[in-house]
Every structure is written in structure tokens, then in C-alpha cells.
Amino acid sequence: MSIIKKELYRKIIKIIKDYDEIVLARHIGPDPDAIASQIALRDSIRLTFPEKKVYAIGAGVHKFKYLGNLDKIDVTTLSNALLIVLDVPNFFRVDGISGLEYQAILKIDHHPAEDIIGDVDWTDEKMSSTCEMIANLIMETKLVLDQRIAENLYIGMVFDSDRFLLQNTSTETFKTVYNLLTTSNIDFVPLYDNLYERSINEEKFRAYLINHITISDNHFGFINVTPEILKKYNVEPTIVSNQVNDFYFIKELICWMFVVYDERNNIYKANIRSRGPIVNEIASKYNGGGHKFASGCRSENYEDMEALAKDLDEACNKYLTEENN
């Protein structure tokens, strides 16, 4: 471990020690990396410091309940809390912290830095996932690691790297996986069942996406999933974001966007993936963001989704032109 990393870990452990009330939060519309890192770190802190009050907050997702339960608390009752922000770089996307009087922020995230700057800040875009960061933190400090924590961290790493297929996977990722598996001795094969098991309705819905996506001359793919389609296939809006990675190896696509309307929250959600054009800078124009090749945004107006699609198609055209030259 480098001297810089050792000093960072020291600061992280110190700020955790300094507070008796700790709240862990992550982004709205969480994926397994967000929830798994949140629950894993919460449980590790609880086991290491049983006298502390440690809460993981935010709206749950039924599909990811196997990762563990979130805490239902009134954050306004806390007055001297440490806020640990995971897997999210901007305040407007942090879930559940309205009314929380926190005294300091510990930020751990693998997205490009935006407006959240932690009193102790660990932002590293080179990491495959926030779970990879938490796994290293726990294994290289005196934080406690048990079987459930190790399983959650492995699941989060697998999900955010799409089984270590994506560009955010590095040799360091594989080192972390090796260390996690040898340290915890978990049986990782059954863990894939929760991540990849699908109902027949979900598979039929995936076939609908494949059959109805429109692909432009610039190799940009777009599909808008209406509430009527969700009802026809009896699937939740969250299923759309789970399907977007399945299109990575379609030859005719270099960038694609799935839009779904969430009736419960009265909002359009866009999931964007790319195998060439940088998309997070484009998504940020529409109050979105994320990684260079995996981003998203939300809006109450469908016109924003259309404008975003147009910008992405133009980015594909520019990318192809530069590649040809």
C-alpha cells in the first residue's frame, strides 16, 4: 500500500471514529453497487464500533432486497451526524438526506468529481465500482469483514463492471477480487443467481427492446418505453436500466439510450451507454451525469429526452467522423 493511500485510509477511519451518529447515503434509483456498498460499509462499521448509531438510508428497491435491509429513520432527529456519501458525485441525486443536520462529509465514489466535496474525500474514477473501493478499505484497515459483507461487495463489483467486461475493469480490480475471495472464502457462484435470474416476462420484454430499438445512421440507438409497454409485459421501470448493458456487443451500436417513464415519481429516466463517444458531459447538460461511457439523467419533460437523444446522435456522428479520419 502506498503512503498516500495509507494516509487516506487513516483519515477515513479517524473521521468514522470521531462521530457516534453516522448516516450512509447514495444516489436515487440505486443499482446493486450503490446499495451493496452502502449496506456493506454500514454493517462493517456496526461490527467494528458496536456503540455507534449507524444508518443506511434511502428508498429501497424490491429487486435488490437480497442485499439487506435499509434503515427507516427520521433523519431530522439527528443533530451531530457524519454523512457518508457513496457512489454519487452531486447533491441533487443523493437520496434521503433532506432535513439531516450533518456536521461533516466522508465521500467515497468512483464517478468524476462534481459538487460534493467531502471533508475527507476519496474520489477515484479508475475504480470499477464503489464496492471495489469499500472492499479495499475494509481489507486494508481494521474494519470488520464477515461473509455477508464480502458477498455484497462481490455482487456490487460484478454488477458495475458487468462481470469484469467493461473498460472500468483493471488489474487492480482482479487483485481486489482475489483478496476478497481468499480473505472471506465465500462461495461466489450462487451469488450470480440474484443478479442474473430473470422471469419469462423480463425475457419477453428484452425481446421487445431488441425488436423496437431504432438505430440511426450514426449508430445511435434509442427506445422510449411507455407505461403501457411496462404493463403489457408486467415489469417495473427499474427493469429497463437492468437491460441496458445487454446491448454492449451489438455491432451496429456505438451509443444507445433507453428512456422509461416512471409513473410513481412522475419522471422520465434515461440510461445511456457508449462504446465510443463520451456521454457524461452530454448528460450533465440535462442535470444528469455518471461515467464517460455509462451515464443517465432524469427529467419531468420528455422534450429533454428528445434533445438529449439528438445531442447523443450528433456526438456519434462526430466520433465516427474522427475515427474515419
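Laboratory data are not the source of any read-out in this text; all were calculated from the coordinates shown. For clarity, every value in this text was computed on a predicted model and none was experimentally measured. Ideal geometry is used to build each Cβ from the backbone, glycine not excepted, and the neighbour counts take in all protein chains shown.
In the chain, taking the dipole from charged Cβ atoms about the Cα centre, the farthest positive-side position among T238, I105, I22 is held by I22.
Relative to the longest principal axis of the Cα atoms of the chain, the long axis of helix 32-48 makes an angle of roughly 0 degrees. A straight Cα-to-Cα reach below 14 Å connects K231 with the aspartates and glutamates E202, D262, E263, residues fewer than 8 places away in its own chain not being considered. Relative to the longest principal axis of the chain, what angle (0 to 90°, nearest 10) does the C-alpha long axis of helix 130-139 take? Orientation of helix 130-139: about 20 degrees from the principal axis. Couplings for segment 122-128, taken from phi via the Karplus curve 6.51 cos²θ - 1.76 cosθ + 1.60 with θ = phi - 60°, read 10, 10, 9, 5, 6, 6, 6 Hz in order; Gly and Pro are left as x. Only lysines eight or more places from K292 in sequence, or on another chain, were considered; those with a Cα closer than 17 Å are K126, K318.
Taking a spot 7 Å from the Cα of F92 along the direction of its beta carbon, which residues of segment 6-37 have an amide N less than 17 Å from it? Only 27-29 pass the distance filter.
For GluC sites (Glu not before Pro), the sites in segment 254-325 that DSSP calls loop and that have at most 13 other Cβ atoms within 10 Å are E263, E300. Remark: spin-label model distance I117-N266 equals 3.6 nm, labels positioned 7 Å along the Cα→Cβ axis. Cut-off 10 angstrom, C-alpha nodes, Gaussian network model of the chain. Which of H27, H219, H291 fluctuates the most? Of H27, H219, H291, the most mobile in the Gaussian network model is H219.
For E322 and E172, the difference between the fully extended length at 0.36 nm per residue and the C-alpha to C-alpha distance is 50.9 nm. Within segment 3-194, DSSP assigns beta bridges of which about 5% are antiparallel (rounded to the nearest 5). Across segment 249-260, rounded Karplus estimates of 3J(HN,Hα) from the backbone phi angles (6.51 cos²θ - 1.76 cosθ + 1.60, θ = phi - 60°) give 10, 7, 4, 7, 10, 10, 7, 8, 9, 9, 10, 9 Hz, Gly and Pro being marked x. Arranged from fewest to most other beta-carbon atoms within 10 Å of their beta carbon, W122, W256 become W122, W256.
For E140 and E314, the difference between the fully extended length at 0.36 nm per residue and the C-alpha to C-alpha distance is 58.1 nm. Computed log10 I(q)/I(0) for the chain at 0.07, 0.08, 0.14 Å⁻¹: -0.28, -0.37, -1.13, from the Debye equation with unit scatterers placed on every C-alpha and solvent omitted. Per residue of the chain, the DSSP helices (runs of n ≥ 4 H) give a summed -39500 (n - 2.57) that works out to -12500 deg cm²/dmol at 222 nm. Consider a paramagnetic label point 7 Å from the Cα of L47 along Cα→Cβ; state which residues of segment 127-152 have an amide N under 18 Å from it. Under cut-off, by backbone N: 131-152.
With respect to the cross-link table entries K232/K269; K63/K142; K11/K285; K52/K269; K5/K65; K52/K107, which display a Cα-Cα separation exceeding 30 Å? Flagged as over cut-off: K63/K142; K11/K285; K52/K269; K5/K65. Once the Cα atoms are used to define both axes, helix 147-160 deviates from the longest principal axis of the chain by about 30 degrees. In this label model, Y302 and K65 are separated by 3.3 nm, measuring between points 7 Å along each Cα→Cβ vector. A simple rule links phi to the HN-Hα coupling: the Karplus curve 6.51 cos²θ - 1.76 cosθ + 1.60 with θ = phi - 60°, which for segment 310-325 gives 4, 5, 5, 5, 5, 5, 5, 4, 5, 4, 5, 4, 5, 5, 5, 7 Hz, with x for Gly and Pro.
Remark on A81: its backbone amide H falls under 5 Å from those of Q103, a criterion applied only to residues 5 or more positions apart or on other chains, H modelled at 1.01 Å from N. For the modelled label position 7 Å from the Cα of K231 along Cα-to-Cβ, which residues of segment 246-270 have backbone nitrogen atoms closer than 15 Å? Only 261-264 pass the distance filter.
Mind checking Rg over Rh on segment 3-194, alpha carbons, Kirkwood formula for Rh? Each step should come with its number before you reach the end.
Values: Rg = 15.3 Å, Rh = 16.5 Å.
Reported Rg/Rh, Kirkwood definition of Rh: 0.93.
Please arrange T176, T77, T171, T141 by counting, for each residue, the other beta carbons lying within 10 Å of its beta carbon, fewest first.
Values: T176 23, T77 11, T171 7, T141 17.
Going from least to most buried by this count: T171, T77, T141, T176.
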